[in-house]
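First comes the structure, then the notes that go with it.
The values are calculated or read from the model by the stated rules, or taken from the named source; none is laboratory data. Worth saying up front: this structure is predicted, and the values here are computed from it rather than measured. Counting neighbours? That spans all protein chains shown, and the Cβs are built from the backbone with ideal geometry, glycine included. What goes into the accessible areas is simple: the full protein's heavy atoms, side chains included, and nothing from ligands, DNA or RNA. Shrake-Rupley method; radii C 1.70, N 1.55, O 1.52, S 1.80 Å.
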Amino acid sequence: MGNAVGTNPEHNENPTTSGIITHEPPRVSALYIYPVKSCAGIKVNSARITETGFEYDRTWMVVDENLNFVSQRNAPKMALIKQSLNLAEGYLELSTTESSSQSTLRLPLKPSIIPPTQENPYGTPATRTTEDGKPVYLDVIVWERQVRGYDCGPEAAKWFSEIIGKPCRLIVKDPNTIRRIQKRLPPAEMYTTKTNDEGDGGVQLIRTVQTAFADGYPFLIATQSSIDDLNSKLPQPRGSLDFDKVDHMTFRPNIIIESPGISQNSIPPYDEEDWVKFSIRTNTKAKSNSDNNNDDNDDDGGGDSNSFRDVEFYVNNSRTRCNIPNVIRSAGVMSKNREPLRTMRSFRCTNSEYPGMVVFGINCTALTMGDLVSVGDVVKVIQKIPGRNQQLN
């Protein structure tokens, strides 16, 4: 997956220069994935929807000696680890200036077999078995819940341990293990799969709502209007380690939605917290190569309707925030004055169930699988309930 490039001229053009109110719809303006949980994100042009979120998103995770997950909450230097995907050659590359032994680490997207040794006692499920032949997995811990995965080997463990400053290991999620989402699920009628019709009309099967190593849900979504509004309320930084200006990476979303500045379809700041369901119009003929540009993806409701499909998303809840937004990503340290969360506590503790928690963005579940979401895709709000954020979290 490469950098987001080549959005169509219609999307990049500023429709507000004349002051005329337009009918331009909201669109996907940016897409991000985070293959290793809590490392820097990858900005992509398109991403495939899977059962656990975007393909490759939060598939790997760093754990400590007790197999608890490690993140920027307690290891802010992870923000300095950059990631890139090479789909053609099938590897994930990590890079940083913080490792004394080597600056880069390559991991296979489909991990090869790592035999257990004295240096690497974990091995992989394919090679380390019990007496009855069943594979042995590592049950790592994400928010007090166990998730099965397996070790990526001593080289990865050493690389991350040097950067983070304490012993740790890199784990890849077992693809055959389901990490179920148990709260704020979509209504059953929304989240079904129809089997092949064999004369009985098919059978409706409720799919399991699941995620990989993300904190809670498959997708995290934010709007540009909310980011802009927050920036307008922050004080001016007084030094390089004061705090970072809020941008997309502050809240680590998967999808950014943006609407024209003067439009009947403009999204007000934080309006997304009232959404129940929305759709993204995907191009079913779009190529899966994420480095291709989207110059032809300019449909706003017309054109060949057979080439497009509306992929629906259910909003599970609004997202409460930890201290990661306070990380100064260029330095890998926490901000000295605890911004932007300090300012956000003055007006973003909007959920009555968790009155002391800052809220920003929405957790979502895709209701269909396999589609390729691209920058420039049209977004439509299907259902919203004013004040929904006051009731859900």
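In the complete set of protein chains, residue-level accessible area for TYR354 is approximately 80 Å², probe 1.4 angstrom.
Working ranking of peptides 332-342, 246-256 by packing, defined as the average number of other Cβ atoms within 10 Å per residue, highest first, is 246-256, 332-342. For the listed peptides 222-229, 167-174, a ranking on the average number of other beta carbons within 10 Å per residue, highest first, reads 167-174, 222-229. With a 1.4 Å probe rolled over the protein heavy atoms of all chains, the accessible area of GLU24, GLU98, GLU353, GLU155 falls in the order GLU155, GLU353, GLU98, GLU24, largest first. Across the range 311-320, rounded Karplus estimates of 3J(HN,Hα) from the backbone phi angles (6.51 cos²θ - 1.76 cosθ + 1.60, θ = phi - 60°) give 8, 8, 10, 9, 8, 6, 5, 7, 9, 7 Hz, Gly and Pro being marked x. Ranking LEU85, LEU185 by solvent-accessible area of protein heavy atoms (1.4 Å probe, all protein chains present), from largest to smallest, gives LEU185, LEU85.
Put simply, the amide H of LYS277, placed in the peptide plane, has neighbours under 5 Å in VAL315, ILE382, GLN383, leaving out anything fewer than 5 places away on its chain.
Of interest is the spacing of the C-alpha centroids, which for the range 302-377 and the range 28-88 amounts to 15 Å.
The H on the amide N of VAL333, modeled in the peptide plane, is under 5 Å from the matching H of ILE328, each at least 5 residues off or on a different chain. Potential lengthening of the chain between GLU353 and ALA188 amounts to 57.0 nm, from the contour at 0.36 nm per residue minus the alpha-carbon distance. Applying a threshold of 18 Å to the alpha-carbon distances of LYS77/LYS158; LYS285/LYS380; LYS43/LYS110 flags LYS285/LYS380; LYS43/LYS110 as lying beyond it.
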